[in-house]
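Visitor: Got a structure for you, questions after.
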Amino acid sequence: MIEPRERERLRSLAGRWMAQASRPVMAERRRAWTALKDLHAERPMVLFETWTLLDYVTDNELVCADPELRRLERQMLWHVRHAEEVGDDIVVEPFYRVYWHIEASSYGVDLQAEHGIDLEGGNVGYTFDYPIRTPDDIDRLIPRTWQVDRPRTERRVELLQDLFGDILPVVLHGTGAFWSGLTQDLYKMIGNDRLLLWTYDAPDALHRLMAYIRDDRLAYFDWLEREGLLGLNSTGWELVGSGSPGYTTALPVANGADGPVKLADLWVWMESQETTMISPRMFGDFFLPYMADVCRRFGLVYYGCCEPVHDRWDRIRAEIPNVRAVSISPWCDQRWMAEKLGRSCVFSRKPRPAPISGESPDWDALSADIAVTLDAARDCNLEIVYRDVYRICGDRPRLRRWADMVRAKMS
């Protein structure tokens, strides 16, 4: 039973959501994001990713007591607050999306994370037990299977439609993002030491594991396609890579083709942060071929996250020719990558998190960092996505100050 105050709270948030979605600037931002991902950017796009901020929405602000409604309230308040306060290029769509409820079976080994709690109660740091400790342990792995709970998903749509559908339409839309970090699951299985050493000590085992994880991803994606569970990630606010929205007209259905959505109509996000310490040659031998096999099934690829890619970019581009955007992390050589990319790919810059974190932002460092990026990537299709910031000590206005500073430097 939904309490009256819970209903009133969610309807109020739905009204604020729709008010933001109705602003004329949303259409301009949607058009500008599309131009960027179509590789004829009209201006650099700016986004501050707030979902990692530990205190952006606090428990004492929430009204709903029911756990599911409380999660919904938090998510809606988060999205609305970002749009109201930050002043970046976020797009608020005039609907609320619900995704299919999907459950996966086990790999046959336990990959549960063990989080560490810091002095302020945060639990960002984590580790795993790394169950694959010898090549023989690979025999413990089994093929995963997936199930979709259609009745549960449809009940959720009906619930939300009853709650606020007359204010904010509720739509059922596919499965959201297509992240496919093969080496992240490899790391969870064998740990960092074995990931590095098995390139020498057990190369056949490493290839066997990479083939298993590749086949797992492809089996999942093929299952989604067969079950009719795919939704476009190129026509609405969907993050298709490392904090990057996927608006584009370059994919088949986005261009008006008929029929059910296929993998070839979608973006996929591929990255490999865990292999930073692997040489480009070994990366090309042990990891990249399996990643490329997954990428071939999709229309466009967003590549990278926090890893530097300049030392292996030529290999990545050769093996994954449909890469459309690449993450330029703080450890990446910006000028080298800008010269390589030109206008052929989106330059997705990630500023260093440290200068804006903590009690006192370093505005001189933030200004200098943006100046270097704008100079290096002046001839590129540029987006600046601030990610991986966790603590701003309740100082939300600093986010708008950063966005305004970037815009001022762009003008």
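Visitor: Between Arg378 and Asp204, what is the label-point separation in nm under the 7 Å Cα-to-beta-carbon projection?
Guide: Rounded to a tenth, the inter-label distance reads 5.7 nm.
Visitor: Then there's this: Under a point spin-label approximation (7 Å from Cα along Cα-to-Cβ), what is the Arg401-Arg43 distance to one decimal in nm?
Guide: 2.3 nm
Visitor: 222 nm [θ] for the chain, helices only, -39500 (n - 2.57) per DSSP H run of 4+, per residue, to 500? Numbers along the way, then the final one.
Guide: Numbers: 12 runs with 168 residues, N = 411.
Computed mean residue ellipticity for the chain: -13000 deg cm²/dmol.
Visitor: Among Tyr99, Tyr56, Tyr126, which one shows the biggest mean-square fluctuation in a GNM of the chain, springs joining Cα atoms closer than 10 Å?
Guide: In this elastic network of the chain, the residue with the biggest mean-square fluctuation among Tyr99, Tyr56, Tyr126 is Tyr126.
Visitor: Expressed as a whole number of Å, what is the distance separating the alpha-carbon centroids of the stretch 332-411 and the stretch 1-25?
Guide: Between the Cα centres of the stretch 1-25 and the stretch 332-411 lies a distance of 32 Å.
Visitor: Determine ³J(HN,Hα), in whole Hz, for all residues of the stretch 302-309 in sequence, where each value follows from phi through the Karplus function 6.51 cos²θ - 1.76 cosθ + 1.60 and θ = phi - 60°; x replaces Gly and Pro.
Guide: Working through the residues one at a time gives 9, 10, x, 8, 9, 7, x, 10 Hz.
Visitor: Now for a separate question. Charges at C-beta only: +1 for Lys and Arg, -1 for Asp and Glu. How large is the resulting dipole of the chain about its Cα centre, in Debye rounded to 20?
Guide: Working: 52 positive and 64 negative charges, 234 e Å.
About 1120 debye.
Visitor: I want the antiparallel fraction of DSSP beta bridges within the stretch 4-410, as a percent rounded to 5.
Guide: Details: 6 of 29 bridges.
Here the share of antiparallel DSSP bridges comes out near 20 percent.
Visitor: What lysines does Lys350 reach when the alpha-carbon gap must be under 18 Å and sequence neighbours fewer than 8 apart in one chain are set aside?
Guide: Lys37, Lys340, Lys409
Visitor: Looking only at Met282, Met270, Met76, which one moves most when the chain is put into a Gaussian network model with springs between Cα atoms under 10 Å?
Guide: Its mean-square fluctuation being the largest, the pick is Met282.
Visitor: I would also like to ask the following. Taking the Cα-to-Cβ direction at Glu3 and at Ser105 and moving 7 Å from each Cα, how far apart do the two end points lie in nm?
Guide: For Glu3 paired with Ser105, the spin-label model returns 4.2 nm.
Visitor: Related question: Report, in debye and to the nearest 20, how large the dipole of the stretch 321-411 comes out about its Cα centre when Lys and Arg carry +1 and Asp and Glu carry -1 on their Cβ. Spell out each step's value before the answer.
Guide: On the way: 16 positive and 12 negative charges, 65 e Å.
The dipole magnitude comes to about 320 debye.
Visitor: Suppose every Lys and Arg Cβ carries +1 and every Asp and Glu Cβ carries -1, with no other charges. What dipole size does the stretch 310-349 come out with about its Cα centre, to the nearest 20 debye? Write down the numbers at each step before the final one.
Guide: Numbers: 8 positive and 5 negative charges, 30 e Å.
It works out to roughly 140 debye.
Visitor: Between (1) -0.38, -0.87; (2) -0.59, -0.97; (3) -0.46, -1.12, which matches log10 I(q)/I(0) by the Debye sum over Cα atoms at q = 0.08, 0.12 Å⁻¹ calculated for the structure shown?
Guide: (3)
Visitor: Take the Cα of Trp78, step 7 Å along the line toward its Cβ, and report every residue of the stretch 238-254 whose backbone nitrogen sits under 19 Å from that point.
Guide: In the stretch 238-254, the label zone of Trp78 (backbone N under 19 Å from the point 7 Å along Cα→Cβ) covers 238-246.
Visitor: List the residues, sorted by chain then number, that are 5 or more residues from Val268 or on another chain and whose placed amide H is less than 5 Å from its amide H.
Guide: Under 5 Å from the amide H of Val268 lie the amide H atoms of Leu300, Val301, Tyr302, each far enough along the sequence or on another chain.
Readers should treat all values here as calculations from the given coordinates under stated rules, not as data from a laboratory. Predicted, not measured: the structure shown is a model, and the values here were computed from it. A quick note on method: Cβ atoms are made from the backbone with ideal geometry, for glycine too, and the neighbour counts reach across all protein chains shown.
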